[in-house]
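For reference, the structure is listed below as structure tokens.
The values are calculated or read from the model by the stated rules, or taken from the named source; none is laboratory data. Keep in mind the model is a prediction, meaning the values are calculated, not measured. A quick note on method: Cβ atoms are made from the backbone with ideal geometry, for glycine too, and the neighbour counts reach across all protein chains shown.
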Amino acid sequence: MTREPRTPGFALFWTASTVSTFGSYVTTVAVGVLVSVTLGGSSLDQGWVNAARWAPYLLVGLLAGVVADRVRRRPLLVGTGLGRGVVLALVPVLWATGELTVASVAAVLFGFGLLSVFGDAAQQSLLPRLVPTAGLARANTALHQSEAVAQGGGPLLGGALAGVIGAPLTLAVDAVGQVVAAVLVWRTPLADPRPPRAPRRAVLGELREGLVWLYRHPTLRPLALATHVWFVGNAAVGTVAVAYSLDVLDLGAFGFGVTTAGAGVGALLGTTVAGAVGRRTGGPGTVVLGRALETAGVLTLAGLPLLVGPALPAAVLGQVLFGFGMGLEGPFEMTHRQTVTPDHLQGRTNATMRSLNRAAVVLGAPLGGALAVATSPRVALTAGALLIAATAVGLAVSGFRRADEVPAA
């Protein structure tokens, strides 16, 4: 695993990110079990719940970038983290009072997502203030590796807890994790100055500046557009995979957690070798190769009913392939975006990318669920895989292939 950059405060920041991410993966599994098993929901219900979680990115995501560029970023990150912990704690309370429904779960996740919009904008924009440009690649690799570990361990813990204490109480784990992460960020020593008192322009003018920067940039534009499409496909796959694993493959809550953990193992392996692969293929090459491997992983899952023998090992293999691809591409994507973007545009650039990506989830999640209901889960998984494959081809032939040649801001 990559060593943490020797920057004062990064260890606390890294720990906070890891704790928060670990809890979020526990929640991902717990919500899937909660909707499908505890509440008896369908694939379409899963889609609407996922859409509710990511809808705030569509509604206020661009505004969050303006806010992150106007205020100190650490207090914003701390406040939203504490808020997420409180919101998640509502689920076991509603369950205990007999008021928990698919609609109430969707409402809770909408609130969680609303706070996450502003927290994510602050977190991604805070890292370049904590770590110098020369250390961003190592910092992002370390963060992606810890996320991969969380992606592997979180679902296992989430699946085990959901099977033992139930999905509603399992969500309390992430509630605690969000509060702990907020405290760690507050204690992180870093230079987070108040933005200069420049004349304030209209919000729409600042939004436009961020959009123009991102979508007119020769390498960020194709990366952004391809990634938006990727999120549509990935959301469809993620939505369908829950019911597919629990109902079609009959893996059970813990088996579902094991397969999801496979993606974390693959992501850890991918981030570990991303630097070495990048030296051979170039940064853009790692992204294209990563998305090709992700496609292969999803197609492996879709083909499981055709295989003879137990489904669990092959399902884990498919998830490992998918995670390996994500781990391979992730560090270069984030480092490139942070490196070429000026500090005064970091909040808007990161929020625009993340918000429109999550807006794509709002589209892809219910579409994936609806396609699975109208046809079959295998058809929906295959459609998602083809979308991911299309983004790999698009990046390979676009201006993004020259991303290694773009100077730092």
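Determine whether LEU223 is crowded, with 19+ Cβ neighbours inside 10 Å and at pLDDT 90 or above. Yes: the conditions hold for LEU223. Can you pull out every residue in the range 259-283 that is of a type in the set (A, V, I, L, M) and at pLDDT below 85? Correct list: ALA261 only. The residue pairs whose first member lies in the range 337-359 and is within 15 Å of HIS228 (Cα to Cα), whose second member is polar (S, T, N, Q) and modelled with pLDDT under 80, and whose beta carbons are closer than 6 Å, counting only pairs six or more residues apart or on different chains, are ASN350/GLN124; ASN350/SER125. Entry remark, the range 214-245: residues being of a type in the set (Ser, Thr, Tyr) and either over 23 Å from ARG53 (Cβ atoms) or more than 20 Å from the chain's Cα centre (by Cα) (or both) number 4 in total. Would you check if there is a residue in the range 197-210 being crowded, with 20+ Cβ neighbours inside 10 Å and closer than 23 Å to THR271 by Cα? No; the residues of the range 197-210 include none that is crowded, with 20+ Cβ neighbours inside 10 Å and closer than 23 Å to THR271 by Cα.
Looking across the range 212-262, just one residue is acidic (Asp, Glu) and at negative phi, and that is ASP247. Only a single item in (1) among the hydrophobic types (A, V, I, L, M, F, W, C); (2) over 14 Å from the mean Cα position of the chain (by Cα); (3) buried (at least 23 other Cβ atoms within 10 Å of the Cβ); (4) under 23 Å from ALA241 (Cα atoms) is not met by ALA148, and it is number (2). Scanning the range 365-381 for residues that are over 15 Å from PRO305 (Cα atoms), of a type in the set (A, V, I, L, M, F, W, C) and within 21 Å of the chain's Cα centre (by Cα) yields a count of 2.
In this structure, does THR286 turn out to be buried (at least 22 other Cβ atoms within 10 Å of the Cβ), under 17 Å from LEU381 (Cα atoms), within 19 Å of the chain's Cα centre (by Cα) and not hydrophobic (A, V, I, L, M, F, W, C)?
The answer is no for THR286.
If the condition is being more than 30 Å from VAL35 (Cα to Cα), in contact with a Ser or Thr (Cβ under 8 Å, 6 or more places away or on another chain) and not charged (D, E, K, R), then the range 96-142 contributes ALA122, LEU130, VAL131, PRO132, THR133, GLY135, LEU136, ALA137, ALA139, ASN140, THR141, ALA142.
Contact map, the range 293-317: first residue over 19 Å from LEU269 (Cα atoms), second residue among the acidic types (Asp, Glu), Cβ cut-off under 9 Å, separation 6 or more or different chains; pairs are ALA311/ASP250. For the structure I just gave you, tell me whether ARG354 is assigned to a helix (DSSP H, G or I) and either among the acidic types (Asp, Glu) or buried (at least 18 other Cβ atoms within 10 Å of the Cβ) (or both). Taking the combined requirement at face value, the residue satisfies it. Of everything in the range 132-145 that is aliphatic (A, V, I, L, M) and under 18 Å from the mean Cα position of the chain (by Cα), the residue that is nearest to SER17 (Cα to Cα) is LEU143.
Look at (1) surrounded by fewer than 24 Cβ atoms within 10 Å (Cβ to Cβ); (2) farther than 20 Å from LEU63 by Cβ and you find that ALA359 fails only one, number (2).
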